[in-house]
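Only one structure is covered here, and it is reproduced in the block below.
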Amino acid sequence: MLNIKQAKEYIKESVKLYLKKDEEGEYRIPLVRQRPIFLLGAPGIGKTAVMEQIAQELGIALVSYSMTHHTRQSALGLPFIAHKEYDGLSYDVSEYTMSEIIASIYDVMKESGIREGILFLDEINCVSETLAPSMLQFLQYKVFGRHQVPEGWVIVTAGNPPEYNKSVREFDVVTLDRMKILEVEADYGVWKEYARNRNLHTAILNYLDLKKEDFYQVETTVRGKNYITARGWEDLSEMMLLYEEEGMKVEETLVEQYLRNPRVVKEFTAYYDLYQKYKKDYHVEDILAGKSTAGAGEKARKADFDERLSLMGMLIDHVQRDIRENMEKLDYLSALLVHMKAVRNAAEQENAAPSRNAVEQEEGASGRGSRTVPEEGMENRPGEAVRTILEKQITGRQKGMEALQKAGSLSEREKRKQRKAIRFLQDCGRELRLHDVPDADAAVRLLKNRYDEEVTSYRRETEEVGNELHYLFAFVEDSFGAGNEMLILLTECTVNQDSAKFISMYGCEDYRKHHEEMMVSERSDLLMQQIDLALQI
């Protein structure tokens, strides 16, 4: 049994191997030998989300279908009569239109330009009775009706065990023998890492840290099914954040729409109210600005475990959110460098080439030709090459983003970066049109000044985030010393990708000092255990 993170890595490696080619450009493993992967696990644990992540990380396309929505006709195609000739005689022959599923793959390839991808078929063990006999042919030969899945497309399927879904059809051995089966179970530790990176509501993570058993539950009661899934927590988080943004109160009525367990609904709602109280009592923004009073530290020291854990969650979440925004801005600035270089090259080319008007005047004076008056709006304006290349850069980035979006392999983070870069270039383009730019060098200076402003803003924000991190460590050290709270802080800074990258790039003396202290303590504990063992012997 695997957790979803382990399953993701296994699927990702399998897809990479299936797409590996030899020196002739042929796939090392032919399509017929590429066993479809069957991801078997309880509903709502993140199977679909994992497939999106794999496609994004590998830069390939993703086409997803839920097989419960398909009839034999939509999956295999509709029959029609084709007229053919054999040995001089004409015949009417039954043919089939292309399967909707296969057609979707070709549509994605055409619209995105990406030729390789994953065909993800969810709920594959819930297909209709009329479609079930065709699944064996599909799993072995990758054929729906008369049409084969294109080369370069790996098939991954998913389904729920029978205890979760009455519609499940158990596959026979012949079918199972044609798939690679991965059984997956819910794992809160793995999901928490994902949830942190997705910026899920801190109250949810703090509650689940205290009550891990409430992360995933499916049980049958006299009143029917009670269930809580990872999907439910994530969807609830999205709605809670919007409620808070609009100043609306989060109550049981909202929570029970996503968590179908009366006890958990009541306990989480009660905890959320308490969480809001902690937020007001401790003034998190003041602590991270270095304005914390002695009373806040004293209150934290005397607090119960759940209150201290909630406070740590709020502090860490605030800093990590600012770190994530800072790292995203760095990615955006790095993406802009490509465009800045292209604009500079265009300016250099414009400066190196003589103007069209100067050439025409010279030809007219030498008698080699007569000067032609350019059409209105077609004058060789100064800086025109810069404006032109800027428009091309904007169009190219927009098309690239649209292609990834159509391929289903554009992450939300990548989308934010692309949109910010496009907006920056568009703003620069508007400024160039509004100002009377004397030449190409002036156009480049205008763009460089705008870019430098962004860099200056980034450096200022980086310094502010570094100070927040310092004040966080200082508060935790002053309030809790080297206790569990410091260990929680160190762990979160280490496992969070953005925090680890920020500290690696810019350093953090507080992190380094306490990390070494914790490592020394661990070595000391290990040594004492070894001494005790030696004495027992």
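The values are calculated or read from the model by the stated rules, or taken from the named source; none is laboratory data. Keep in mind it's a predicted model, so treat the numbers as computed, not measured. In this analysis, Cβ positions are derived from the backbone assuming ideal geometry, glycine residues included, and neighbour counts consider all displayed protein chains. Please note that ligands, DNA and RNA were not included when accessible areas were found on the heavy atoms of the full protein model with its side chains. Shrake-Rupley method; radii C 1.70, N 1.55, O 1.52, S 1.80 Å.
Going by the alpha-carbon gyration tensor, a ≥ b ≥ c the square roots of its eigenvalues, is segment 68-157 rounded (a/c under 1.5) or, if a/c is not under 1.5, prolate (a/b greater than b/c) versus oblate?
Taking the square roots of the gyration eigenvalues as a ≥ b ≥ c, segment 68-157 is oblate.
Rounded to the nearest 0.05, what FRET efficiency do Asn484 and Gln217 give with R0 = 35 Å and r taken as the Cβ-Cβ distance? Could you check?
About 0.85, to the nearest 0.05.
May I ask you to give the solvent-accessible area per residue for segment 41-111, in square angstrom, as obtained with a 1.4 angstrom probe?
Per-residue accessible area for segment 41-111 comes out at 53 Å².
So what's the net charge close to Phe171: Lys and Arg +1, Asp and Glu -1, counting the other residues with Cβ under 11 Å from its Cβ?
After counting each charged neighbour, the total is -1.
For the chain, what is the mean residue ellipticity at 222 nm derived from helices alone (per DSSP H run of n ≥ 4: -39500 (n - 2.57); sum divided by total residues; nearest 500 deg cm²/dmol)?
-20000 deg cm²/dmol
Could you check the simple spin-label distance between Ser128 and Asp22, using points 7 Å along Cα→Cβ, in nm with one decimal?
Those two pseudo-labels are separated by 4.2 nm.
If you roll a 1.4 angstrom probe over the protein chains with everything in place, what fraction of the accessible area of the chain belongs to carbon and sulfur, to the nearest %?
Percent of accessible area from carbon and sulfur atoms in the chain: 50.
If you scale each eigenvalue of the Cα gyration tensor by 5 and take the root, what three semi-axes come out for the chain, rounded to whole angstrom and sorted largest first?
Its equivalent ellipsoid spans semi-axes of 47, 44, 22 Å.
Take the Cα pairs of segment 436-500, get the Kirkwood Rh, then feed it into Stokes-Einstein at 4 °C and 1.567 mPa s and tell me D in µm²/s.
Answer, rounded: 86 µm²/s.
Please work out the Cα center distance from segment 201-243 to segment 484-501, rounded to the nearest Å.
Cα centroid of segment 201-243 versus Cα centroid of segment 484-501: 24 Å apart.
Give the calculated FRET efficiency between Leu136 and Asn226 to the nearest 0.05, with a Förster radius of 41 Å applied to their Cβ-Cβ distance.
0.65
Projecting each Cα onto the charge dipole of the chain (Lys/Arg +1, Asp/Glu -1 at the beta carbon, about the Cα centre), which of Leu487, Val127, Ala347 comes out farthest on the positive side?
Result: Val127.
Where both partners of a DSSP beta bridge lie in the chain, what percent of those bridges are antiparallel, to the nearest 5?
Antiparallel: roughly 45 percent of the beta bridges in the chain.
Calculate, in nm to one decimal, what Thr395 and Met98 gain on full extension: separation in residues at 0.36 nm each, minus their alpha carbon distance.
That pair, Thr395 and Met98, stretches by 103.5 nm at full extension.
Below 8 Å between Cα atoms, with a sequence gap of 6+, how large is the relative contact order for segment 209-249 in percent?
25
Dividing the alpha-carbon radius of gyration of segment 1-104 by 2.2 N^0.38 Å (N being the number of residues), what value is obtained?
1.51
Per the Cauchy relation, a quarter of the hull surface: what is the mean projected area of the convex hull of the alpha carbons in segment 103-209, in nm²?
That works out to 9.8 nm², a quarter of the Cα hull's surface.
Express in nm, to one decimal, how much length is gained between Lys180 and His435 on full extension, taking 0.36 nm for each residue of separation and deducting their alpha carbon distance.
Taking 0.36 nm per residue and subtracting the Cα distance, the gain is 85.6 nm.
Which entries in the list Lys192/Lys417; Lys8/Lys399; Lys277/Lys513; Lys12/Lys142; Lys212/Lys277 go over 27 Å, if you measure between the two C-alpha atoms of each?
Going by Cα-Cα distance, Lys8/Lys399; Lys277/Lys513 fall outside the 27 Å limit.
So if R0 is 41 Å, what FRET efficiency would Glu151 and Leu337 give, r being the distance between their Cβ atoms, rounded to the nearest 0.05?
In this case the efficiency is close to 0.65.
Taking a cut-off of 17 Å, what percent of all Cα-Cα pairs in segment 150-280 are separated by more than that?
Value for segment 150-280 (Cα pairs over 17 Å): 66 percent.
Quick one: grab the alpha carbon gyration tensor of segment 254-334, order the square roots of its eigenvalues as a ≥ b ≥ c, and give me rounded if a/c is under 1.5, else prolate or oblate depending on whether a/b is larger than b/c.
Oblate is the answer for segment 254-334, as a/c is 1.5 or above yet b/c matches or exceeds a/b.
Would you calculate the separation in nanometres between label points at Ala474 and Tyr506, each defined as 7 Å from the Cα along the Cα-to-beta-carbon direction?
Spacing of the two 7 Å Cα→Cβ label points: 1.6 nm.
Would you mind checking segment 144-159 for residues with the amide N under 11 Å from a putative spin-label position 7 Å along Cα→C-beta of Arg115?
Flagged as within label range: 151-152.
Roughly how big is the chain's charge dipole about its Cα centre, with Cβ charges of +1 (Lys, Arg) and -1 (Asp, Glu), in debye to the nearest 20?
About 740 debye.
Would you mind estimating how fast segment 463-507 diffuses translationally, via Stokes-Einstein at 20 °C and 1.002 mPa s with the Kirkwood radius over Cα pairs, in µm²/s?
In µm²/s, the coefficient rounds to 196.
Just check segment 212-275 against the gyration tensor rule for me: Cα atoms, a ≥ b ≥ c as the square roots of the eigenvalues, rounded for a/c under 1.5, and otherwise prolate or oblate depending on whether a/b exceeds b/c.
The shape class here is prolate.
How much accessible area per residue does segment 194-285 have, in Å², with a 1.4 Å probe?
54
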